[in-house]
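K.L.:
Would you mind keeping the following structure in view while I ask a few things?
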Amino acid sequence: MKLIPVIGKALLILAPACVLGQVDSAAIKDPKQTDTLAPQVLKEVIVAGSKRQFVSKDGNLIANIENTPLSAVADPIDLLSKLPSVIVSPDGASISIPGKGEPLIYIDNQQISPEDLRSLAVSDIKQIEIINNPSSKYEANGRAVIRIIRKLNKKDGWKAEIMETAAQRRYFLNRASANISVRKKKLELKGNIQYNYLETWEGNAFDFYISDRDIFSKYSVTAVTTRPQLIGSAAMFYQINETDYFSFNATARRQNESFPIYTDSYLSAPDKQESVLTSNYNYEPIRYYTANLNYHKKIRANTAFIGAQYTKHTKEENSAVFNAIDNNPEILSQNRSQHAGIEVVAARADIESAVSKPLKFNWGAYTAFVRTKGNTDIIMHQPDSIRHSTFYYKERNLAAYAELVGKIRKLSYTAGVRMEDVKVQSGFADNGSNASLQKDNKKLFPKASLSIPVDSTSSVTIKYAKTVGRPNYTNANQASIYINPYFEWANNINLNPSYTDGVEASYQLKDYSLALSIYRIKGPAYSTFSYNERENLLRRSEMNYESEAGVYATLTAPFKYRIWNSTNVVNLVYSSLKDPVALSGKPRPYVYIYSSNEIRLPKRYVFTVAGWAITKKQIGALEQGGLFSVDTSLTKTFGKNLSCTLRVTDMFASMDSREALAVNRVVANGIYYDRLQEVSVGLKYSLGKLKETAFKNKDVDESVDRIR
């Protein structure tokens, strides 16, 4: 595997020659080729045209990937970060949409996990649609859906792709992948393998003040994460007849993270003052496996789907903590071993019935069984002591939905309801005891939409949805990260779901769109601080606040002039967060702006510049500073098989973000440093003649997005 980063560094050096056209796939000539002029047979004609990269429709946004510069992006997670209103965290672990939170991810109406997304080939993607307020057939855990639409074809053949992306951030990063698709008559096989070597730097600094204890504390922390990843997937698709199929898909990821954390801290309290230098050496192996079976059958006017899925995720964190207090020699303070395991078994059935030509009735059922277990062992030194705890979490989810999709004259409508019965049992199990907490939640989630055409160029769409936001399964353990002797980051095992009611109205005029939405959330989850007086320990985690209410407006305005295509999105958000333990400031509206500009140049060059910005915002007790980022890229296509992209990400190094929070008698002010400025070069080479795929497969487990 060490050879791949070496190849990547060589690619980074040769990048200018590749993009400027000094390297051409035609340079590798057929030995039989001669310079003698001879009649040539015209086998294929390529008609090059300009396709709009982004299109707005009924309050949703559609991104065209096929035959646009976005198709040159090698990594699907990186591809999502290039879309309007989609924000991807620096480590690629979380995806969010301003005003909507974390979206669900679907492929052709079939839910997948972020882990499955990593194994998807960008070349298989035709479009990506960002759906606001999705209908009842989508899982209730989400206010937005990112729907990926793949290319479909039934021609025999094979296709392979090799992709390599080399990048220089603060450290060198490398992403390499290969995938192959083979189709013969009714059978299609797919395979994908990726090896990523990622080394990233991050840091943050915070000041804390606990007024009733007259305690002041501050720290500055940095961490370097080395993350080699090996990801593989294998899939089989069998087309029984024109409408029926059977498919299987399996994905595995192995990742070994090492991340030393270095902290410089200071504490001032009535009884003492001290400074501490902390070195925390961490090693974290992560394993992820999932496999599913799909069966799709058409029976007269009905279409039925049944499927099952098994998922397992394990993470083990081993830490050795050293402290040097008041410039004294460094001593071993703690050894920590934390293990967390998640297992999910899920099954579902869906039926679509064509009642009449304009009317459809969709209904289905879903069940999932979740089991997690977390073990924590902390060995304290000087004085010596041992802490051991085992925390378990079990969840059973039964759900059913029904919806009508139809049309009355020119009015199109969707109306449905989803019922979920979730039972949770959790607690500590140590020394033969079994302290248990049980929860039983039965909820209805109605959703409806109505589309009213005004004339041939404009329409109005009204939507209502009730949704739920559930904690990730990784919160169902008591794992924590040691920062210094009096501060740690930790999970909150008592985090509850949050429930949202929202109404949205949108107006579409040709390619322009304006949407206005009002929402209210019961029990939203945000960061909090808690101080343990007995242990003199400050802890940061998430908690459920009492409520959040807000309104946001979204304007989408495309523009085209000759070789220039531009898409612009503006979000105006006003939100108020309330809770008795939070010191709420005056709510401050904030603006999110996105602009993507593509210029098509001669000789198949495409230059793109895209940027986004978000202004300072105040949501109750939480205040966050403004951010902006600008990316540029230059793409060159050689023939039909080779493309090369030179990209500069966060070119102004502007992603340092400030945060202030006043909750639970703690006032905190801090800044996060994210060194995201990056220069990368990507190569993608295709072989074979299978231009598209007929493959269909979906994750059965609706909770896959809760596995991290």
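K.L.:
Against the conditions (1) modelled with pLDDT of 85 or more; (2) within 30 Å of Ser576 (Cα to Cα); (3) part of a loop (DSSP other than H, G, I, E, B), where does Asn669 fall short? Just the number, please.
P.N.:
(3)
K.L.:
Can you tell me which residue in segment 325-358 is nearest to Lys394 (Cα to Cα), limited to those that are part of a strand (DSSP E or B) and more than 34 Å from the chain's Cα centre (by Cα)? Please lay out each step first, then the result.
P.N.:
If we filter segment 325-358 for residues that are part of a strand (DSSP E or B), which is where we start, we get 325, 331-354.
Within this subset, residues satisfying the condition of being more than 34 Å from the chain's Cα centre (by Cα) are 325, 331-333, 354.
Numbers: Ile325: 42, Ile331: 40, Leu332: 36, Ser333: 34, Ala354: 38 Å.
Selected residue: Ser333.
K.L.:
Determine whether Ala223 is of a type in the set (A, V, I, L, M), buried (at least 16 other Cβ atoms within 10 Å of the Cβ) and closer than 30 Å to Arg675 by Cα.
P.N.:
Details: of a type in the set (A, V, I, L, M): yes; buried (at least 16 other Cβ atoms within 10 Å of the Cβ): yes; closer than 30 Å to Arg675 by Cα: yes.
Judged against the criteria, Ala223 is a match.
K.L.:
Return yes when Ala653 is of a type in the set (A, V, I, L, M, F, W, C), part of a strand (DSSP E or B) and out of contact with any Phe, Trp or Tyr (no Cβ under 8 Å at 6 or more places or on another chain) and no when it is not. Can you show your working first?
P.N.:
Working: of a type in the set (A, V, I, L, M, F, W, C): yes; part of a strand (DSSP E or B): no; out of contact with any Phe, Trp or Tyr (no Cβ under 8 Å at 6 or more places or on another chain): yes.
No: the conditions fail for Ala653.
K.L.:
Does segment 421-436 include one or more residues that are touching a residue at least 24 places away in the same chain (Cβ under 8 Å), part of a loop (DSSP other than H, G, I, E, B) and in contact with a strand residue (DSSP E or B) (Cβ under 8 Å, 6 or more places away or on another chain)? I'd like the intermediate steps shown before the answer.
P.N.:
Step one: filter segment 421-436 for residues touching a residue at least 24 places away in the same chain (Cβ under 8 Å), giving 421-430.
Next cut, part of a loop (DSSP other than H, G, I, E, B) only: 429-430.
Filter again for in contact with a strand residue (DSSP E or B) (Cβ under 8 Å, 6 or more places away or on another chain), leaving 429-430.
Scanning segment 421-436, I find at least one residue that is touching a residue at least 24 places away in the same chain (Cβ under 8 Å), part of a loop (DSSP other than H, G, I, E, B) and in contact with a strand residue (DSSP E or B) (Cβ under 8 Å, 6 or more places away or on another chain), so the answer is yes.
K.L.:
Mind checking which pairs have a first residue in segment 69-97 that is at positive phi and of a type in the set (Ser, Thr, Tyr) and a second that is surrounded by 19 or more Cβ atoms within 10 Å (Cβ to Cβ) and at pLDDT below 80, Cβ under 9 Å, 6 or more apart or different chains?
P.N.:
Ser85/Pro98; Ser85/Gly99; Ser85/Lys100
K.L.:
I'd like to verify a number: residues in segment 457-512 that are over 25 Å from Lys442 (Cβ atoms), in contact with a strand residue (DSSP E or B) (Cβ under 6 Å, 6 or more places away or on another chain) and polar (S, T, N, Q), how many?
P.N.:
9
K.L.:
Another question, then. Got a sec? Which of Tyr685, Tyr590 is among the aromatic types (Phe, Trp, Tyr) and buried (at least 19 other Cβ atoms within 10 Å of the Cβ)?
P.N.:
Being among the aromatic types (Phe, Trp, Tyr) and buried (at least 19 other Cβ atoms within 10 Å of the Cβ) holds for just one of Tyr685, Tyr590, which is Tyr590.
K.L.:
Right, next: If we scan segment 305-316, do we find a residue that is assigned to a strand (DSSP E or B) and under 19 Å from Val221 (Cβ atoms)?
P.N.:
No, segment 305-316 contains no residue that is assigned to a strand (DSSP E or B) and under 19 Å from Val221 (Cβ atoms).
K.L.:
Looking at (1) under 25 Å from Val86 (Cα atoms); (2) modelled with pLDDT under 90; (3) among the hydrophobic types (A, V, I, L, M, F, W, C), which is the one condition that is false for Val663?
P.N.:
So Val663 meets the others, but not (1).
K.L.:
Also: Here is a check on your reading of the model: is Ala435 closer than 19 Å to Arg371 by Cα and modelled with pLDDT under 95?
P.N.:
yes
K.L.:
Looking at Thr390, Thr457, Thr474, Thr461 in this structure, which one is in contact with a His (Cβ under 9 Å, 6 or more places away or on another chain) and polar (S, T, N, Q)? First the steps, then the outcome.
P.N.:
Working: Thr390 fails: in contact with a His (Cβ under 9 Å, 6 or more places away or on another chain); Thr457 fails: in contact with a His (Cβ under 9 Å, 6 or more places away or on another chain); Thr461 fails: in contact with a His (Cβ under 9 Å, 6 or more places away or on another chain).
Testing whether each residue is in contact with a His (Cβ under 9 Å, 6 or more places away or on another chain) and polar (S, T, N, Q) leaves just Thr474.
K.L.:
What pairs come up if the first residue lies in segment 267-288 and is over 30 Å from Gln229 (Cα atoms), the second is of a type in the set (Gly, Ala, Ser), and their beta carbons are under 8 Å apart, counting only those six or more places apart or on different chains?
P.N.:
From residues that are over 30 Å from Gln229 (Cα atoms), the pairs are Leu267/Ser217; Leu267/Ser275; Ser268/Ser217; Ser275/Ser265; Val276/Ser265; Val276/Ala324; Leu277/Ser265; Leu277/Ala324.
K.L.:
Continuing with the same structure: State which residue pairs qualify: first residue touching a residue at least 60 places away in the same chain (Cβ under 8 Å) and inside segment 361-384, second residue among the basic types (Lys, Arg) and part of a loop (DSSP other than H, G, I, E, B) in any location, beta carbons under 6 Å apart, and separation of 6 or more residues or different chains.
P.N.:
Every condition considered, the pairs that remain are Asn362/Lys137.
K.L.:
Considering each residue of segment 630-653, count those that are among the polar types (S, T, N, Q) and out of contact with any Ser or Thr (no Cβ under 6 Å at 6 or more places or on another chain), and give that number.
P.N.:
Residues of segment 630-653 among the polar types (S, T, N, Q): 632-633, 635, 637, 641, 643, 645, 649.
Right, trim to out of contact with any Ser or Thr (no Cβ under 6 Å at 6 or more places or on another chain) and you get 632, 649.
Final tally of qualifying residues: 2.
K.L.:
Is one or more of the residues making up segment 270-286 part of a strand (DSSP E or B), in contact with a His (Cβ under 9 Å, 6 or more places away or on another chain), aliphatic (A, V, I, L, M) and more than 30 Å from Ala304 (Cα to Cα)?
P.N.:
yes
K.L.:
To continue, here is another question. Could you list all residues from segment 554-567 that are surrounded by fewer than 17 Cβ atoms within 10 Å (Cβ to Cβ) and modelled with pLDDT of 90 or more?
P.N.:
Leu555, Ala557, Trp564
K.L.:
Report the residue count in segment 613-647 for those that are surrounded by 21 or more Cβ atoms within 10 Å (Cβ to Cβ) and either charged (D, E, K, R) or under 30 Å from Lys578 (Cα atoms) (or both).
P.N.:
Going through segment 613-647 one residue at a time, the tally reaches 7.
K.L.:
Can you tell me which residue is surrounded by the most Cβ atoms within 10 Å (Cβ to Cβ) among those in segment 139-180 that are assigned to a loop (DSSP other than H, G, I, E, B), over 17 Å from the mean Cα position of the chain (by Cα) and modelled with pLDDT under 85?
P.N.:
The selected residue is Ala140.
The values are calculated or read from the model by the stated rules, or taken from the named source; none is laboratory data. Everything quoted here is computed from the prediction, not taken from an experiment. Cβ: placed from backbone, ideal geometry, glycine included. Neighbour counts: every protein chain shown.
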